[in-house]
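Step one of this worksheet: look at the structure below.
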């Protein structure tokens, strides 16, 4: 595929972007029935007459889902409709049990909002066209064949567990004038939206599990010209991919236009491996979904009182919160973003509140515990370690009873279910050796083993001391205070530290 | 007593008194079905074992001294459009052949809770599209009054089962007249309750905004008892009304129209109405006047557009409701030989599984909802619907109930109109406005047309949640007619 280098493309064309984000709500039950929404259950075990579309079954709207979408709309500064209806989107596909999707068409529940995002220190306002609710489809699994795609498959299986899970679709207005920042703005928007959903507690927003899915629309036009034809890129499954997909489409469309060609209005698929997009379904002949108001459901008319009650439940905006924490902890945007991306911001804040220094709290959660969590396949916050545990260990470090290495061993014990830090310390016999006698013995032994190193230190090459300190730490199985060992060593050799 | 000719309330009382067992009553009906249904073809499926087991449970309850409901132990014929756990449910279509529902419709649950004995599933036009049962994929039902004639439709099976004394109670569904028109042409009673009064959960949808389940019987009181057993809110149907059900049984027992204002709908008479139908209707109006009703003429000017609007709204909704019959999850699947795509299998299944009338309406509806045509067809039809509702609202400001002939003609011959869809559709001209507006109506027999000796029905219409008015007026008229005839008209039906 021919492409034009990104910077060059932007000398001739202006990008226009638009983003459609689908968020799976974390409600207990599905949008129109009481089936569970748990991820990863055996195929077709979380189904009932309603979400299998058995003849005669009828949908009933989930109040918790409507509550979530109203909160999302309010957090995105939208107007909340006083009266709106669901609509049927008609098309045949085997992953959709009714062969129509219950969605919203010309009466979305939330309209005309915005979300501010910061890119390179600049605030960009992304305007929201609409937020509406709909139901998810089932999942197709194509068996046999090489690609796992429908073409070439021997047969296909359908899992309807996902069918009917509440989905919220958030559609931006076209975002213009971002120039070379377009890919970064797209990424920043999806990131901000993800953080907002997390703060609202309405979804687990895991792109890799599909609970947040993004379609990126892009067109190019020469300055002063009307907007060009847009493509819609799907299969964008990570924040990085959002940025790469937009960037690639700019490069690709610029090449098409440079060659005098025209961009086809089509759905494209992002390819994770090489960062390109490939053509999918053509949208030249717009599909006719024959939308009409869903007659099996009554209109939704949220009372103003209810909307205002829900407004009171909105959390602090993530951007405001990040700025507050960065200031309080004396760190930069990048460090805060790292905590957000690791999913530990809440627990770090909690740990700091428990009396731990911000740096220590950050260090533990984004290092040790993130690793432990990913090994166990759980969220850091779900580990058996608490902020009180961390506070206690930090106290022991401060008093000199533990060093960093021992502290890690304490947490190993805590994570292994051996009890509280104090219990682990007692059971494993973990304590810094504070008696100088054994340390001096170990130092002498090490010096005897490495006379050349001893000589270097004596001659003033203090950096060589590390080898001896290391050897001592090893013989004491880490239970010595390294600083104390170094001081004793230098004293022994009569060298000024 | 006569186990198959007596009314449901009489049978229920006898069962409660221990004069007869539910099992005896049930077996009598199963025998009757075995004797006559080969000629009538009211039933698609008879669940003899299930019926007898249900009857035995009622008898055991009675034996244990438990209090029984007012229809306990009485057999009933269920229209095959309602899901019944463990029993074939086809909606009269080949596409559902072999499907056994794993769940009960809300109405079936209520029938079971009322200890009503379900004999089996009755024939109907495919997916309730039709006025004659000729569009059933399993062959037509024959009118017990004249086996060469249609029993009405779509619920012809339920009406014929009543008229042939195969069941004293039946359940129908009414989207444009499918309870009332069959009642009219078989001399039985049928009610389309207020939209939302009876839960639709488990009713295989034709047109969701028009469909309503309702009671059918051979007299007004039995109809009211069945109405009371099935009506009331169900949270699984969000269009179901969450309010107290009008006391229809008390209304049926209070057969009195003195002082009641009765409106004669000017637009539902005259041209197109068979002379004998009009004659019996005029006589019934005279009786109502004699009984003390205040009969006035009322105009509903937008009713003339009802049929056109109905034949846009219904096909639009049904084109979507019937999409799920794609061969993927249940029922028929055609062409799945490993060489065809999923789209081809869906298309072949629907081609083979749906009959011509169903295909016709799906195509009309698909067209009417298409982008570019939506406003002109579906949108315009919805506006007409609003105007018709307004006609009713204004009329009910002046009168308590409205009346008209139920159907413009008596039962026509099987085959007579099957190739002329518009002639078939015109049968429902008087019944459709009620479905569009969502209010309620009853059809009850008012005599035989002199020219052909076939039953004529009168329709009573009331405002939403005014279902009790239907029963009060209907019971009064029925009582006056029974006085005149010495018995219910249905007792004159030919012996089979």
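Bear in mind these aren't lab numbers, they're just calculated from the coordinates by the rules spelled out. Small disclaimer: the values here were computed from a predicted structure and weren't measured. Virtual Cβ from ideal backbone geometry, glycine too; neighbours counted across all protein chains shown.
Computed quantities for the displayed model
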item: Separation of the residue A:176 and residue A:258 label points, Cα + 7 Å toward Cβ, nm; result: 2.5 nm
item: Neighbouring partner chain Cβ atoms per residue of A:87-96, average, 10 Å criterion; result: 4
item: 10 Å Cβ neighbours from other chains, averaged over peptide B:321-332; result: 5
item: Relative contact order for the stretch A:416-497, counting Cα pairs under 8 Å that sit 6 or more residues apart, in percent; result: 32 percent
item: Fraction of beta bridges assigned by DSSP in the stretch B:1-129 that are antiparallel (%, nearest 5); result: 40 percent
item: The stretch B:15-87 - Rg over Rh from alpha carbon coordinates, Kirkwood radius; result: 1.00
item: Of all DSSP beta bridges in chain B, antiparallel share, percent nearest 5; result: 65 percent
item: Translational diffusion coefficient (Stokes-Einstein; Kirkwood radius from C-alpha pairs) of the stretch A:88-241 at 10 °C, 1.306 mPa s, in µm²/s; result: 89 µm²/s
item: R0 of 41 Å, Cβ-Cβ distance residue A:304-residue A:337: FRET efficiency to nearest 0.05; result: 0.65
item: Percent RCO, i.e. relative contact order, over the stretch B:1-118, from Cα pairs under 8 Å lying at least 6 residues apart; result: 27 percent
item: Overall form of the stretch A:209-357 per C-alpha gyration tensor (a/c, 1.5; a/b vs b/c); result: oblate
item: Normalised convex hull volume, the stretch B:385-496, alpha-carbon set, Å³ per residue; result: 128 Å³
item: Degrees separating the helix A:465-475 axis from the principal Cα axis of chain A, which is the longest one; result: 90 degrees
item: Bridge type composition, chain A - antiparallel percent by DSSP, nearest 5; result: 95 percent
item: Protection proxy ranking of A:200-206, B:36-42, B:194-200, B:86-92 - average other beta-carbon atoms within 10 Å, highest first; result: B:194-200, B:86-92, B:36-42, A:200-206
item: The protein assembly as shown - mean residue ellipticity at 222 nm from DSSP helices (-39,500 (n - 2.57) per run, n ≥ 4, rounded to 500); result: -12000 deg cm²/dmol
item: Partner chain coverage, peptide B:335-341 - average Cβ within 10 angstrom; result: 1
item: Dimensionless Rg over Rh [the protein assembly as shown; C-alpha; Kirkwood]; result: 1.14
item: Full-extension gain in nm, residue B:375 to residue B:299, via 0.36 nm per residue minus C-alpha separation; result: 24.5 nm
item: Shape parameters for the stretch A:1-158, alpha-carbon atoms, Rg then Dmax in Å; result: 20.2, 59
item: Cα-only Debye scattering, chain A: base-10 log of I(q)/I(0) at q = 0.06 Å⁻¹; result: -0.41
item: Cα-based helix-to-principal-axis angle, A:318-329 vs chain A, degrees rounded to 10; result: 10 degrees
item: Estimated FRET transfer efficiency (residue B:53, residue B:351; beta-carbon r; R0 35 Å; 0.05); result: 0.30
item: Average silhouette area of the stretch A:73-153, convex hull of alpha-carbon atoms, in square nanometres; result: 8.6 nm²
item: Using alpha-carbon coordinates, inclination of helix A:239-258 to the longest axis of chain A, degrees; result: 50 degrees
item: Among B:317-329, B:99-111, the order from most to least packed when residues are scored by Cβ within 10 Å on average; result: B:317-329, B:99-111
item: Peptide ranges B:478-489, A:436-447, A:402-413 listed from the most packed, as the mean C-beta count within 10 angstrom indicates; result: A:402-413, A:436-447, B:478-489
item: Where only C-alpha atoms are counted, convex hull volume of chain B per residue in Å³; result: 137 Å³
item: Spin-label pair residue B:386/residue A:206, simplified geometry with 7 Å Cα→Cβ offset, distance in nm; result: 4.8 nm
